[in-house]
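These notes are about the structure you will find just below.
The values are calculated or read from the model by the stated rules, or taken from the named source; none is laboratory data. For clarity, every value in this text was computed on a predicted model and none was experimentally measured. Don't worry about glycine lacking a Cβ; one is built from the backbone with ideal geometry, like all the others, and counts go over all protein chains shown. Each accessible area value is taken on the protein alone, full model and side chains, heavy atoms only, with ligands, DNA and RNA left out. Shrake-Rupley method; radii C 1.70, N 1.55, O 1.52, S 1.80 Å.
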Amino acid sequence: MSALTAPPQPQPQPSANGAPAAVAFHYTQTENFPTLLHQLRASLLVTTYQANKLLVVRAAGAGLSTLVRTFERPMGLAADGGRLAMGTQDQVWFLRNAPDIAPRVEPVGQHDACFLPRSCHVTGDIGVHELAWAAEELWVVNTRFSCLCTLHPDYSFVPRWRPPFITALAAEDRCHLNGLAMVDGQAKYVTALGETDTANGWRADKPRGGCLMEVSRGEVISRGLSMPHSPRWHDGRLWLLESGTSQLVLVDPATGRRQPVAELPGFARGLTLAGPYAFVGLSKIRPTSAMDGVPLANRREQLKCGVAVVDLRSGRVIALLEFQTAVEEIFDVQLLPGLRFPAVIGFQQETIQHTFVVPRVPPAP
């Protein structure tokens, strides 16, 4: 796989005196990464809580055009047609596509969608991890309170489900519930880093304490996982990432048996699938991170940060987007099917102050 280098983009980072300092944002991609996005007629969203960025990756000719927007610790993403939800430090943001505005966004005439922030729900710091839509309802993995929840305007959150081994609703991150897979519009499978019921109890057995659970029965269907994340139901099969070994894994929901599909060159977290392809988020491991002690930590110096594409038919990594500077950890990745070159309006420029979306008003009689 040959690689192309993207032009540097300055990103604000804290300097020694606390003031923002420009840090060049470099990435490389294999030649076929843009080709795959063209083929899928899609663009890619990437969140990095470490760098406080939402990245919008679009194919542009033979290369990539990456839009960078700043949010506070963005993590889970849920995209569904013209709506987008994103969990941050203490809020869930809701963005909507305004297709009438898209053609007017600079550079004029290039964009086929434009997502604007429309509202946010203040949850407090509940450790929002993954999100998923169920019709008009957004389900949230509430890691700090070890539960799945939904949102209501009167409350920070509404608890809807918790693992049966969790005996109380407490802000203690007892099992590090982190991943959610929907099946037929219902919350079906979740991952956790432990089956523990004490504050931060999961940390004691990071290498092999993880589990996969079925929600409706409250049963553990697979144990002994090394930091599992990102369960997904795709093409009638259940996939997840075993982050501690950096493997993409296929799981039989009936037996819990696991079949490794691919080995990734980074801490694997964040998964989106389309046809025969899996886009997987890759992270490096910080010296002080909670990832220490897992098998992958022995390869710390060789790990990459970016997005790998796996061909599910062969188990091979066939394309790679690698971040060289500024970004070292990825949380979530999400494809936007049917949208090749979307824009996202953020808050760092004045554009949001002068952008208005109003319903069409019929002419006066």
What ranking, highest mean first, results for peptides 184-196, 115-127, 137-149 when packing means the other Cβ atoms within 10 Å averaged over each residue? 137-149, 184-196, 115-127
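Roughly how many debye, to the nearest 20, is the charge dipole of segment 286-365 about its Cα centre, given +1 on each Lys and Arg Cβ, -1 on each Asp and Glu Cβ, and no other charges? The partial results should precede the final answer.
Numbers: 8 positive and 8 negative charges, 63 e Å.
That gives a dipole near 300 debye.
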Accessible area of the chain with a 1.4 Å probe: how many percent of it is carbon plus sulfur? 51 percent
Given (i) 1.08; (ii) 2.11; (iii) 0.97, the label whose value is Cα Rg over 2.2 N^0.38 Å derived from this model: (iii)
Selected from Pro159, Met213, Trp239, residue furthest toward positive end of dipole (segment 155-239; charges at beta carbon): Trp239
In nm, the gap between the two label points placed 7 Å beyond Cα toward Cβ at Arg203 and Arg313 is 4.6 nm
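Name the shape class, rounded, prolate or oblate, that the alpha-carbon gyration tensor gives for segment 49-122, where a ≥ b ≥ c are the square roots of its eigenvalues, rounded holds for a/c under 1.5, and otherwise prolate holds if a/b is larger than b/c and oblate otherwise.
Details: a/c = 2.33, a/b = 1.43, b/c = 1.64.
Verdict is oblate for segment 49-122.
What is the packing order of peptides 203-210, 221-228, 58-65, taking the mean over residues of other C-beta atoms within 10 Å and listing the highest first?
Values: 203-210: 18.4, 221-228: 21.4, 58-65: 16.6.
By packing density, highest mean first, the sequence is 221-228, 203-210, 58-65.
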CD proxy, 222 nm, the chain: helix-only mean residue ellipticity via -39,500 (n - 2.57) per DSSP H run with n ≥ 4, per residue, nearest 500, stands at -500 deg cm²/dmol
Go ahead and run the numbers for FRET between Glu350 and His152, Cβ-Cβ distance against an R0 of 41 Å, rounding to 0.05. 0.75
Computed about the Cα centre, the charge dipole of the chain from +1 Lys/Arg and -1 Asp/Glu charges at the Cβ has a magnitude in debye, to the nearest 20, of 400 debye
For the chain, what is the accessible area per residue in Å², given a 1.4 Å probe and the full set of protein chains? 43 Å²
Looking at the square roots a ≥ b ≥ c of the eigenvalues of the Cα gyration tensor of segment 264-363, which shape do they give, rounded for a/c under 1.5, prolate if a/b is larger than b/c, or oblate? oblate
Which peptide among 270-277, 106-113 comes first, and what is the full order, when sorted by highest mean count of other Cβ atoms within 10 Å? 270-277, 106-113
Inter-label distance, nm, simple model (7 Å from Cα along the C-beta direction), Gln259/Ala364: 6.9 nm
Which shape class, rounded, prolate or oblate, goes with segment 10-156 when its Cα gyration tensor gives a ≥ b ≥ c as root eigenvalues, a/c under 1.5 marks rounded, and past that a/b bigger than b/c marks prolate? oblate
Beta bridges per DSSP with both ends in the chain, % antiparallel, nearest 5: 95 percent
